[in-house]
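What follows is a set of notes on a single structure, which appears directly below.
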Amino acid sequence: MPGSTTCRREPSSSWASALDASRRSATLFVAHDVAVRTADRARLRQCLPLARRQTRYPESVDWNPYGLAEGNAGVAVMCSYVDRCLPGEGWDAVAHGFLAEGVTAVESSGPMHPGLLSGLSGFAFALESLSRDGNRYQRLLTAVDEMLAPEASAAVAGLGTGPPGLPVSAFDLVSGASGVAACLLGHDPQGVLPGILAALVRLAEPTDGMPRWATPPEFLTSASMRRHYPSGNLNCGLAHGIPGPLALLSLALRAGYEVPGQAEAVSALAHWLVSHGVDDAWGVGWPDAVPLTPAGRPAPRTEPAATRSAWCYGSPGVARSLWLAGEALDDEGLRRMAVKGMTSVLRRPVALRYINSPTFCHGIAGLLHIVLRFAHDTALDCFVDASTDLVDQLLAAYEPDRAFGYASLEAEDVAVDRAGLLNGASGVAMALLAAATGVEPGWDRMFLLS
């Protein structure tokens with residue numbers, strides 16, 4: 001791994017695979033097989049009760065007909081990407097079938113949460129993804145837009161206006177404002193996005209003490225979190241923490257959506273993350289969260305803490321948000337810090353990355369996909385080489401005797417047969433297709449990566 005790198009790169013207008021022909025063939029075979037399995041409705045029905053018996057967290061295993069993370073909408077997005085990568089196999093029709101089942105569920109539901117990965121904006125994202133640049137599903141998309149607009153506006157109405165401290169679900173990618181806005185970056189006919197951007201800018205405004213986006217102990221989601229952070233914390237994960245708003249605000253700037261104070265908010269959040277990086281034997285990294293003191297201020301960290309090198313938590317997600325901020329502000333220092341963070345991840349021994357699962361959220365597929373984005377954006381050899389190594393890890397983890405070809409590994413490597421995008425095999429298939437084809441993975445906007 002080189003000791004120093006430049007972030008300047010030759011502009012690249014096309015996505016390309018860096019895999020050699022043999023690896024590309026093997027990767028496409030596995031990705032196709034996994035896609036076939038995860039798009040098999042009978043297999044999905046049969047494996048859901050099995051997964052609930054396998055897991056230690058049965059309440060977390062569910063199938064949401066209109067959900068992106070674990071549901072029909074997510075499988076539809078996967079099928080649509082497979083159709084673009086491997087045209088002529090009928091995948092578009094399969095995608096339509098999953099989407100139709102999601103429509104039935106939406107029509108029969110009452111008021112729906114607007115969140116991205118399991119709510120209404122996620123279903124809108126799937127519709128937009130399958131619409132072929134607005135040429136299909138327009139009546140349906142209009143109806144969903146009209147349902148989403150008031151729910152999204154209500155969800156952010158008070159964001160950043162009260163005293164500091166709130167649950168991460170108010171602003172994060174998974175359930176909160178950042179995820180809803182990620183959907184609206186591609187399609188906002190109701191004009192909801194500027195209000196969400198303004199709310200996130202308010203959330204980033206400096207305070208004399210506790211940051212507005214801090215999580216007091218009463219809003220932490222588990223007893224173990226409250227024991228670990230008795231005075232609360234400042235979440236540093238891309239899935240649930242402040243890198244989500246940072247990435248979203250940065251992507252919006254690059255797309256031409258700007259509200260007053262947005263560039264300043266991007267700069268402030270990015271430099272806050274930079275200031276809380278911690279050096280270890282492999283370079284700079286970021287903790288899952290920064291503890292709060294009893295006075296409500298960030299606690300100084302005296303030594304690095306072990307954390308995942310994942311999309312959801314750890315340096316890869318933080319580094320990607322810093323890269324996007326650097327691009328939005330044309331700030332070479334932020335780009336350099338992003339590359340420094342990612343090269344530190346890649347120096348770390350595989351066993352110390354703490355991502356045993358092959359899946360996207362907290363596993364190898366998510367790290368691979370972030371590395372692919374850095375390889376595309378920087379053209380640095382270290383990222384190209386690392387993407388090949390990570391593909392090899394995923395190919396070695398393929399288990400054709402399992403229901404979906406890949407299992408989600410929980411704590412202590414408990415294997416659970418799951419099919420979804422976030423924690424299941426279809427997310428692995430999509431990352432493998434992105435590595436093996438020349439079709440840019442625009443679907444990764446739902447993960448705030450592009």
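The values are calculated or read from the model by the stated rules, or taken from the named source; none is laboratory data. Source: prediction; values computed, not measured. Reconstructed Cβ throughout: ideal geometry from the backbone, glycine too, with neighbour counts over all protein chains shown. Just the protein is used for accessible areas: all its heavy atoms, side chains included, with ligands, DNA and RNA removed. Shrake-Rupley method; radii C 1.70, N 1.55, O 1.52, S 1.80 Å.
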* Structure fact -> Length gained, Q190-A93, 0.36 nm per residue minus C-alpha separation, equals 32.0 nm
* **Taking segment 253-346 and dividing mean pair separation by its residue count, relative contact order in percent (alpha carbons under 8 Å, at least six apart)** => 28
* **Additional length obtainable on full extension of the chain from R41 to D208, 0.36 nm per residue less Cα span** => 54.7 nm
* Could you run the Karplus curve 6.51 cos²θ - 1.76 cosθ + 1.60 with θ = phi - 60° over segment 272-279 and give me ³J(HN,Hα) per residue in whole Hz, x for Gly and Pro? => 5, 5, 4, 5, 10, x, 10, 7
* Keeping all protein chains in place, calculate the accessible area per residue for the chain (probe 1.4 angstrom), answer in Å². => 39
* Out of [x] 0.96; [y] 0.94; [z] 1.06, which label holds the value of Rg/Rh (Cα atoms, Kirkwood Rh) that was computed here? -> [y]
* Structure fact -> Put R45, R353 in order of accessible area, largest first, probe 1.4 Å, and you get R45, R353
* Structure fact -> Interchain or sequence-distant (5+) residues whose placed amide H lies within less than 5 Å of the amide H of G285 are V278, D279, D280
* Accessible area of S175 in the full protein assembly, 1.4 Å probe (Å², nearest 10) -> 40
* Asked: Carbon and sulfur: what percent of the chain's accessible surface (1.4 Å probe)?
  -> 52
* Normalised contact order of the chain, rounded percent, pairs of Cα under 8 Å and 6 or more residues apart -> 21
* Structure fact -> Summing +1 per Lys or Arg and -1 per Asp or Glu among the other residues with Cβ less than 15 Å from R226's Cβ gives -1
* To do: Determine ³J(HN,Hα), in whole Hz, for all residues of segment 80-90 in sequence, where each value follows from phi through the Karplus function 6.51 cos²θ - 1.76 cosθ + 1.60 and θ = phi - 60°; x replaces Gly and Pro.
  => 5, 5, 4, 4, 6, 7, 10, x, x, 9, x
* Once the whole set of protein chains is in place, how much accessible area is left on H113, using a 1.4 Å probe, in Å² to the nearest 10? -> 110
* Asked: Between L48 and E264, 0.36 nm times their residue separation minus their Cα-Cα distance comes to what?
  -> 73.2 nm
* Asked: With labels modelled as points extended 7 Å from the Cα through the Cβ direction, what inter-label distance (nm, one decimal) is found for E332 paired with T293?
  -> 3.7
* Label-point separation (nm) for R227 and Q138, each offset 7 Å from Cα along Cα-to-Cβ? -> 5.8
* **Cut-off 12 Å between beta-carbons: net charge of the residues surrounding G162, Lys and Arg +1, Asp and Glu -1** => +2
* Hey, what number do you get for the chain at 222 nm if only DSSP H runs of n ≥ 4 count, each worth -39500 (n - 2.57), divided across all residues, to the nearest 500? -> -15500 deg cm²/dmol
* Solvent accessible area, Å² - V350, 1.4 Å probe, full protein context -> 80
* Structure fact -> Taking a ≥ b ≥ c as the square roots of the Cα gyration tensor eigenvalues, with a/c under 1.5 meaning rounded and otherwise prolate when a/b beats b/c or oblate if not, segment 49-122 comes out oblate
* Spin-label point model (7 Å from Cα, Cβ direction): what's the D280 to R347 distance in nm? -> 1.3
* Asked: Using r as the Cβ-Cβ distance of D33 and A379, and R0 as 22 Å, what FRET efficiency do you calculate, to the nearest 0.05?
  -> 0.10
* Asked: What whole number of Å gives the distance from the Cα centroid of segment 373-394 to the Cα centroid of segment 200-224?
  -> 35
* Structure fact -> Sorting W15, W282 on solvent-accessible surface, 1.4 Å probe, most exposed first, gives W282, W15
* Give me the distance between the Cα centres of segment 31-87 and segment 145-183, rounded to whole Å. => 27
* Asked: Within a Cβ distance under 14 Å of L329, other residues only, what is the Lys/Arg minus Asp/Glu net charge?
  -> -3
